[in-house]
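The values are calculated or read from the model by the stated rules, or taken from the named source; none is laboratory data. Bear in mind that the values here come from a model prediction, so they are computed numbers and not experimental data. Neighbour counts run over all protein chains shown; Cβ positions are idealised from the backbone, glycine included. These accessible areas exclude ligands, DNA and RNA; they are computed on the full protein's heavy atoms, side chains included. Shrake-Rupley method; radii C 1.70, N 1.55, O 1.52, S 1.80 Å.
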Amino acid sequence: PPFDRAQMDGYAVRSIDVLEIPVTLKVVGEAVAGQSWKGVLGSGEAVRIMTGAPVPAGADAVQQVEVTREIAGGLVEINKAVSAGQSIVERASEVKVGTKVLQAGHPISPSHLAVLASFGYASVRVGRRPRVFVIATGSELVQVSETPGPDQIRDSNSFSLSAYAKIVGATVERTPIAGDNLETLKTQIAAAAAHADALILSGGVSMGVYDFTKTALKELGAEIFFERVALKPGKPTVFARLGETLIFGLPGNPVSVAVTFNLFARTALLAMQRSRDALLSEETAVLARGVKGAAERASYLPAQLWTDSQGRLTAKTLRWGGSSDFVSFAHATALVIVPQGVSTLDVGAAVQVVRLP
């Protein structure tokens, strides 16, 4: 603080006057927040003081009002000894001139706003929110408000992707569903890329006859950085750039969409905003259920986290039916990481986990 500040309601005193108790002191004034007592405290004197008020010159302690008793004649009885510095927040004890109180690259939280306001920052420079377009592909998809036909399903990926992107600060536009038609898909990709910082597609990235996403990107002249990753679920993940627009082609299965977005697209969107914490942070947990890995891929398995009675972070993988089982995945709070080449991990094994938003 800019002055020695009282930490509680009570009396500002000289600690040397309160070595033996009880002791009676003369109340010579009052200090409240926003209005200090201007004198200098002398021997045998006390100043009534409120929380947040400046401590008077000459005083070196504050005794809380609960262990005092006012008596007639402008006197106060102190019934508990004090030590020098008691219940005082000293000037500059929290932060000194020249100290960097907030670092660039972090989201502004409510507590950050309190700091900014206290130091007089009415406005600050922030990272621009990336503009994201989301396209769900697949002729089997219908809108959420429609009743699916015998061979159709409702689009769910564009909703989860939009929500995930908004959590990390993006502004999002959901485009119409793209059917399995190469020319139509190229038109939609080109139109979205003309306005987006990042374009996220779901579906059409595998090796099927009607998987057109990679073909569309190549024919549009996009630079493709990779089109598969050693990951389970999410192997057929595409990362490309068309002009200045980053493009993520994610698998169509809902669980794969969630995993790959949080590992790749989330990182990119935060990096665009100059975040210092773009990567998902890993924690160590203890397995409550044994798991199986894959020889050729790292596995990210949906799980729930809790702290056991011994204070250990514990992870229990969910029983799920694979990357299309979005109902089970809805209960996941984290992903358990099984490194590539690890076939099994037993109950009690220490594993790395990342939390899901």
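Quick one: which of Thr344, Thr267 is free of Cβ contacts under 8 Å to residues at least 60 places away in the same chain and surrounded by 13 or more Cβ atoms within 10 Å (Cβ to Cβ)?
Working: Thr344 fails: surrounded by 13 or more Cβ atoms within 10 Å (Cβ to Cβ).
Just a single option satisfies the conditions, and that option is Thr267.
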Practice item. Starting from the stretch 37-61, keep only residues that are within 18 Å of Val76 (Cα to Cα) and of a type in the set (Lys, Arg), then list their pairs with residues that are open to solvent by 50 Å² or more (accessible area, probe 1.4 Å) and assigned to a strand (DSSP E or B) whose Cβ atoms are within a distance under 6 Å, requiring at least 6 positions of separation or different chains. Key: Arg48/Glu30
Review point. Looking only at residues in the stretch 113-142 that are open to solvent by less than 80 Å² (accessible area, probe 1.4 Å) and touching a Gly at 6+ places or on another chain (Cβ under 6 Å), which one is farthest from Gly169 (Cα to Cα)?
Key: Ser139
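Name the residue that is modelled with the highest pLDDT, counting only residues in the stretch 298-333 that are open to solvent by less than 50 Å² (accessible area, probe 1.4 Å), assigned to a loop (DSSP other than H, G, I, E, B) and closer than 21 Å to Pro236 by Cβ. Even if it seems obvious, please write down each step before you answer.
Keep residues of the stretch 298-333 that are open to solvent by less than 50 Å² (accessible area, probe 1.4 Å), which gives 298-303, 305, 308, 313-315, 317-318, 322-323, 325, 328-329, 332.
With assigned to a loop (DSSP other than H, G, I, E, B) added as a condition, the list becomes 308, 318, 322-323, 325, 332.
So of that shortlist, the ones also closer than 21 Å to Pro236 by Cβ come out as 322-323, 325.
Values: Gly322: 82, Ser323: 87, Asp325: 91.
Within the stretch 298-333, the match that is modelled with the highest pLDDT is Asp325.
Please go through the stretch 284-297 and give me each residue that is under 22 Å from Gly341 (Cβ atoms) and open to solvent by less than 60 Å² (accessible area, probe 1.4 Å), ordered by number. Quick ask: steps written out before the conclusion?
Taking the stretch 284-297 and keeping what is under 22 Å from Gly341 (Cβ atoms), we get 284-287, 289-297.
Hits for the stretch 284-297 are Ala285, Val286, Leu287, Arg289, Gly290, Val291, Gly293, Ala294, Arg297.
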Exercise for review: Check Pro110 against each of (1) surrounded by 13 or more Cβ atoms within 10 Å (Cβ to Cβ); (2) modelled with pLDDT of 95 or more and name the one condition it does not meet.
Suggested key: (1)
Revision key, fill the gap. Within the stretch 69-84, the count of residues that are in a strand (DSSP E or B) and free of Cβ contacts under 8 Å to residues at least 40 places away in the same chain comes to 1
Review point. In the stretch 85-100, is there at least one residue being in contact with a helix residue (DSSP H, G or I) (Cβ under 6 Å, 6 or more places away or on another chain), assigned to a loop (DSSP other than H, G, I, E, B) and touching a residue at least 40 places away in the same chain (Cβ under 8 Å)?
Key: no
Practice item. Please find, within the stretch 185-204, the residue that is nearest to the chain's Cα centre (by Cα) out of those that are surrounded by fewer than 23 Cβ atoms within 10 Å (Cβ to Cβ) and farther than 21 Å from Pro236 by Cβ. Key: Asp197
Check your understanding: Out of all the residues in the stretch 148-157, is one or more of a type in the set (A, V, I, L, M), at negative phi and open to solvent by 70 Å² or more (accessible area, probe 1.4 Å)?
Key -> yes
